[in-house]
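Structure record follows, encoded as structure tokens.
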Number of protein chains: 2
Amino acid sequence: MQKWHSRSQPSDTGCLPGAAKVGRVSSVAYRLSNMRSQSAGAAGRKSQIKVLRTGISAVRSVASGASAPARQGLPLNEIIVGDCLEELARLPEESVDLVFADPPYNLQLENSLSRPDQSLVDGVDDDWDKFANFSAYDRFTRDWLAAVRRVMKPDATLFVIGSYHNIFRVGAILQDQGYWILNDIVWRKSNPMPNFRGRRFTNAHETLIWAAKSAGAKNYRFNYELLKAGNEDCQMRSDWLFPICTGAERLKDAAGRKTHPTQKPEALLVRVLLAASAPGAVVLDPFFGTGTTGAAAKRLGRGFVGIERDETYAAAALARINAVEPLPESAVAEAPSKRSEPRIPFSAVIEAGLIRPGDILADEKKRHFAVVRADGAISIGAVAGSIHKIGALAQGLPACNGWTFWQFQRGGEYEPIDALRSLMRASLREAAE
Amino acid sequence: MQKWHSRSQPSDTGCLPGAAKVGRVSSVAYRLSNMRSQSAGAAGRKSQIKVLRTGISAVRSVASGASAPARQGLPLNEIIVGDCLEELARLPEESVDLVFADPPYNLQLENSLSRPDQSLVDGVDDDWDKFANFSAYDRFTRDWLAAVRRVMKPDATLFVIGSYHNIFRVGAILQDQGYWILNDIVWRKSNPMPNFRGRRFTNAHETLIWAAKSAGAKNYRFNYELLKAGNEDCQMRSDWLFPICTGAERLKDAAGRKTHPTQKPEALLVRVLLAASAPGAVVLDPFFGTGTTGAAAKRLGRGFVGIERDETYAAAALARINAVEPLPESAVAEAPSKRSEPRIPFSAVIEAGLIRPGDILADEKKRHFAVVRADGAISIGAVAGSIHKIGALAQGLPACNGWTFWQFQRGGEYEPIDALRSLMRASLREAAE
DNA sequence: AGTGGGTTTGAATCGAGGG
DNA sequence: ACCCTCGATTCAAACCCAC
């Protein structure tokens, strides 16, 4: 029995396989070119990162402005050092499967904040987080969201993360642009920064918006069964609990200062990629930062395209990603989902001789009986129809899954006819090999 | 030590006193007029609800349109049956301490949804939740947010609750209007409706925005210490866990159908009121529905003003609120918070003779020593200043709380001078009685 | 674009039964 | 009288897809 309590503290139980172990990165240097060639758009391109003599081991934008040439294909598994809008414009349209975006939050910190012991909180005060006003931030948001949308395949989805400073503006703008919100997700921090002044609630979460490219895009990727299997056979909810990025995972410079003020935990990205992409998919991150998206993508056998303006961040990201050891393919391969199984008409079961015309089907409780017809329909009295229609009719329900409702007799025992469908599928798989 | 786990399921521990026991309402009928007269704006008004012969026991809007007369004072502890915008315009400006708003969510439902057992989900299909498009919803939102803002006292705050369908628009618009967001808060549902089709994450939370009337309003009410004391001495976080409103708390009609499709749990409102209002404060709810805000307000010794367009909802709300038994005053009375304690200048301690000019103060580790001066300053060598300034100077820090840093000698033992401040305050309280 | 196949929960509550 | 477990029942701010 589940009890609920109202104390505002995290203490969830259970785990997501794969996600729990990604906290540390291997220290073994590793070339991106070692990644296996992946997915669309990369045909004929080398996925090796060009090392410039400046020490920035990343592809550098050659030109800027409207005259910059469009790229021939996706720069797969490369970090593009350049302006997000310019570089997005050069990517081929409808070319990526998933987008993860962690834009500037527009934090508007007016004064410095100090802890009770008077030490200074190292907040976000970088120039890239400064905007003159809401209207400037909105313009910036409209621009990058539109640029990203062009690059998304029709069934691609987008994740954006933000805080209350910016997420409402981002959410409203993406709705205005035709994106269709599928969920908002809260990342609950197990170890947030406390509220030192005692003037507000501890800001213990950030919000992600998950959106499809349009309301009509129904065929977006969502690995429902995988997530459920990894969550103790419980549907994955919209509230996720992760610690913030600290310790060995947090990138630091030689002096021990954090390389990036808002580095996201890799476990968060792992869940995003596991939820909404397939192995081999291409993930675009237009605000690549120190490359958490790239690290998670490499680990999970996904490809990435990263755009980052700051050379220091890009260099740190490259070194980090090179050090990532991908998980073995077997740990990442898709399990077949029910939805993806081939469709078997009931008539095929009859044609295969697994059941014969004239045989009797019954429901589990033996309250309803139907006769198998030669044409693949079944009948109760004078009424004939599909296994689903007749099952629904028998129960007086609007619909019914005939495969699980109806049972057939084998050796005195009744068994769902779904067992026959499984047999058919197994032999289909054999034939394919 | 706190453990974190990534399983996306709720299992928080602990409880908020008072909030846990509000699940059931007393069945004893109770007139609103029994509530003790409260707070500003009610002077000279009877807080009794007029019972109309229609059976709607609520104040009915007499006229509509621009010519409607402004009310003389706040209709305290009454439910106004009428249009939200018209009625808000008739309330006196700067008259309420807190606003809780649960506006229509604009859910945009297109199709019917059935559960795996083929039963139909009883969704929100009411006319009041239908808007032609985002732009119409935005207009509606701008209007009510502006009308509410006029009625708020300068230090009042606003809570709005919503889902991903509407909350981003609400948040952006209130920022545009000059409201200043203090927190976004997630209400995590311990028992959300599952995702029946397996196409998205279980939508297991709703979002509240907490905002001050303006960026400059720093003196808003936040009962930090009360919340912390009720949360196992842990700061209250921005993620709250409550069950949805079901069982005996859920209002139902004679046929057993839920009276309102989206009734909020009273525990949620109790937390809101405990966090951001004082006993006797006036809480405005412009979308009163079945009166959860009023019920929680009455229980906690707060006053309310409710506006509701639908007569059925208003009638249900009135009956419900009348049945609420207020908590005893002692359970609701404010504990004195540090911030509300009277300010004691150090000179007053000297004037009271609790410490004498020439006495020596030292820090806990006896590394710094200072001399008490007659003027209420202290000095180290030639440098004189406040207990805070000199404490900071001694440690080389930008600031210091002199009351806890400096100690004085009493009977051979050193004790923080804060003990003297406590003495002063105790005698002040005595004098006040 | 309409038709129809076939897929899709989980928490709270309450009563029965065992100890 | 009480504690526990088990299972049935109830009910919850909407979510399909291929042919």
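The values are calculated or read from the model by the stated rules, or taken from the named source; none is laboratory data. Since we're looking at a predicted model, the values are computed, not measured. Note: ideal-geometry Cβ built from the backbone for every residue, glycine included; neighbour counts use all protein chains shown. Quick note on the areas: whole protein, heavy atoms, side chains included, nothing else; ligands and nucleic acids left out. Shrake-Rupley method; radii C 1.70, N 1.55, O 1.52, S 1.80 Å.
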Inter-copy distances for residue B:401, nm, shortest first, label points 7 Å along Cα→Cβ, are 6.0
Interface call, region A:126-174: threshold 30 Å², probe 1.4 Å, accessible heavy-atom surface of protein chains, chain by itself vs complex, result A:134, A:164, A:168, A:169, A:172
Mean projected area, convex hull of alpha-carbon positions in region A:175-281, reported to one decimal in nm², is 10.2
Interface call, region B:220-237: threshold 20 Å², probe 1.4 Å, accessible heavy-atom surface of protein chains, chain by itself vs complex, result B:220, B:222, B:224, B:231, B:232, B:234, B:235, B:236, B:237
For region B:256-325, the Cα-Cα pair-distance distribution in 5 Å bins from 0, as whole percents, is 3, 18, 29, 27, 14, 6, 1, 0
Here the correct list, in nm and shortest first, of distances from residue B:376 to the same site in the other copies, label points 7 Å along Cα→Cβ, is 9.4
Note, region B:283-300: 3J(HN,Hα) by Karplus (6.51, -1.76, 1.60, θ = phi - 60°), whole Hz, Gly/Pro = x, goes 10, 9, 10, x, 10, 5, x, 8, x, 4, 4, x, 5, 5, 4, 4, 4, 9
Which of A:218/A:365; B:189/B:258; A:338/A:389; B:153/B:298; A:213/A:338; B:366/B:389 exceed 27 Å between C-alpha atoms? The answer is A:218/A:365
Bounding extents of region B:238-288 in its principal axis frame from Cα atoms, largest first in Å, are 39, 24, 16
Contact order relative to length for region B:346-431, counting C-alpha pairs under 8 Å separated by 6 or more residues, stands in percent at 22
Counting only residues 5 or more apart in sequence or on a different chain, those whose built amide H sits under 5 Å from that of residue A:182 are A:210, A:211, A:212
Here the correct list, in nm and shortest first, of distances from residue B:353 to the same site in the other copies, label points 7 Å along Cα→Cβ, is 11.5
Cα-based Rg/(2.2 N^0.38 Å) for region B:346-431, rounded to two decimals, is 1.04
On complex formation of B with A, accessible surface lost, both sides summed, probe 1.4 Å, nearest 100 Å², amounts to 7700
Per-residue accessible area, 1.4 Å probe, largest first, puts A:176, B:129 in the order A:176, B:129
Measure of exposure for residue A:325: accessible area at 1.4 Å probe, Å² rounded to 10, is 90
To the nearest Å², the heavy-atom accessible area per residue of region B:346-431 with 1.4 Å probe amounts to 56
